[in-house]
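Let me begin by presenting the structure, written as structure tokens, before commenting on it.
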Amino acid sequence: MGSLFEDIPEELPDEVFDTLCSADNVRIERIVSRGHACPEGSWYDQEKNEFVLVVQGSAGLQIENRADVVVLKAGDYFNIGARVRHRVAWTDSACETIWLAVHYS
């Protein structure tokens, strides 16, 4: 048992990634961001699908070859297919953005 809202560092110079549980074909992690974004020109290109849910805060996801930024606020989710290049364009700088990410095949 645990809480997504516990053990969040006061200072967040980097995003925090915590694996909550995993098995052969799935990994569930908590990601905590505060004003973080991917460096310009860098993209995630993952071998597994990734379902993301914003629990608190807000963020913008940029999907390659898509003109708009997908804006996610608390309660919103988005499924990113395997090998779909994407990047975090921005996260809320006024509070922690807490993500629940499920990586699966």
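Rule-based calculations on the coordinates, nothing more; no lab input. Here the structure is a predicted model, which means the values were calculated and not measured. Heads up, the Cβs are rebuilt from the backbone with ideal geometry, glycines too, and the neighbour counts pull from every protein chain shown.
Only one of the listed residues (SER105, SER42, SER93, SER58) is of a type in the set (S, T, N, Q) and touching a residue at least 60 places away in the same chain (Cβ under 8 Å). That residue is SER105. Would segment 78-92 turn up any residue that is closer than 21 Å to PRO39 by Cα and of a type in the set (Ser, Thr, Tyr)? Looking through segment 78-92, at least one residue is closer than 21 Å to PRO39 by Cα and of a type in the set (Ser, Thr, Tyr). Considering segment 61-83, the residues that are touching a residue at least 24 places away in the same chain (Cβ under 8 Å) and either touching an Asp or Glu at 6+ places or on another chain (Cβ under 8 Å) or of a type outside the set (A, V, I, L, M) (or both) include one that is farthest from SER22 (Cα to Cα), namely GLN62. Within segment 47-60, can one find any residue that is among the small types (Gly, Ala, Ser), in contact with an Asp or Glu (Cβ under 6 Å, 6 or more places away or on another chain) and surrounded by fewer than 18 Cβ atoms within 10 Å (Cβ to Cβ)? So far as segment 47-60 goes, yes, one or more of its residues are among the small types (Gly, Ala, Ser), in contact with an Asp or Glu (Cβ under 6 Å, 6 or more places away or on another chain) and surrounded by fewer than 18 Cβ atoms within 10 Å (Cβ to Cβ).
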